[in-house]
Amino acid sequence: MKTAYLNWPAEADTAFEEGNFSAALKAYQQALPAADSKAARYKTQLRITACQYMLGQYLQAAKTMYGYE
């Protein structure tokens, strides 16, 4: 069974791996509404949190992490 996080846009993972966290953040945020399960939503939110942290957005990263649904 495929989950939404396996269908992330390739550019999101590529940007993340290359350290382009701003581009990755935008792509993951766009992918979040398509998350088709709780696990997929958590995985996407985790990537969003990681991007925010790497961008120095520590307070926003904490809010994202504690706001997991």
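The values are calculated or read from the model by the stated rules, or taken from the named source; none is laboratory data. Note that the structure is a prediction, hence the values are computed from the model and not measured. Protein only, heavy atoms only, side chains kept; ligands, DNA and RNA dropped before computing areas. Shrake-Rupley method; radii C 1.70, N 1.55, O 1.52, S 1.80 Å.
Can you tell me the length gained on complete extension of the stretch SER37 to TYR68, counting 0.36 nm per residue apart and subtracting the Cα distance?
9.9 nm
Send over a whole-number figure in Å² for the accessible area per residue of the chain, probe 1.4 Å.
Heavy-atom SASA per residue in the chain reads 65 Å².
Would you kindly derive the ³J(HN,Hα) couplings of the stretch 35-43 from the backbone phi angles with the Karplus curve 6.51 cos²θ - 1.76 cosθ + 1.60 (θ = phi - 60°), listing them in order in whole Hz, with x for Gly and Pro?
4, 9, 8, 4, 5, 5, 5, 4, 4
What's the carbon and sulfur percent of the chain's accessible surface, probe 1.4 angstrom, rounded to a whole number?
Using a 1.4 Å probe with all protein chains present, the chain comes out at 55 percent carbon and sulfur.
Please list, in order along the stretch 46-53, the HN-Hα scalar couplings obtained from phi with the Karplus expression 6.51 cos²θ - 1.76 cosθ + 1.60 (θ = phi - 60°), rounded to whole Hz, x for Gly and Pro.
Working through the residues one at a time gives 5, 5, 4, 4, 4, 5, 4, 4 Hz.
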